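Everything on this sheet refers to the single structure shown next.
The values are calculated or read from the model by the stated rules, or taken from the named source; none is laboratory data. The structure presented is a predicted model; accordingly, all values stated were derived computationally and were not measured. Counting neighbours? That spans all protein chains shown, and the Cβs are built from the backbone with ideal geometry, glycine included. Calculation scope for accessible area: heavy atoms of the full protein, side chains included, ligands and nucleic acids excluded. Shrake-Rupley method; radii C 1.70, N 1.55, O 1.52, S 1.80 Å.
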Amino acid sequence: FHLPQDGALERISVTWRWIRTSVTDWIRLAADQRACWVASFVDKARAHGFTEGSIAAFLCESSPWYVTKNDQMGPLLPAEQTAEALATAPATLPSPEEEPRTARQLD
């Protein structure tokens, strides 16, 4: 809880995932370091047999996997950066083979 200057008690909510080391480290990385991480991730994911659609879904901020803010993971790249990482055109980002969660699954 936080007590602002006006004296009214105010609740501040913090999500633990925001202050994980992996999140705070990512935020502090320079652009070239982030690009290196993404390139390494893509190479390793491909080597382990992940589909282009699954890789794109993990990387991209507009992923169909992200139904709610609590689903978000990965670096949350814009579509253009995701396409660049996959060496594809942004308009042709591959779709994941796995279906996103439905409203029913969210209940």
Criterion violated by Val23 - all others in (1) in a loop (DSSP other than H, G, I, E, B); (2) at pLDDT below 90; (3) surrounded by fewer than 14 Cβ atoms within 10 Å (Cβ to Cβ) satisfied: (1)
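Looking at Arg28, Arg34, which one is open to solvent by 90 Å² or more (accessible area, probe 1.4 Å) and modelled with pLDDT of 70 or more?
On the way: Arg34 fails: open to solvent by 90 Å² or more (accessible area, probe 1.4 Å).
Only one candidate passes the filter, namely Arg28.
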Residue in region 37-52 that is nearest to the chain's Cα centre (by Cα), counting only those that are surrounded by fewer than 16 Cβ atoms within 10 Å (Cβ to Cβ) and part of a helix (DSSP H, G or I): Trp37
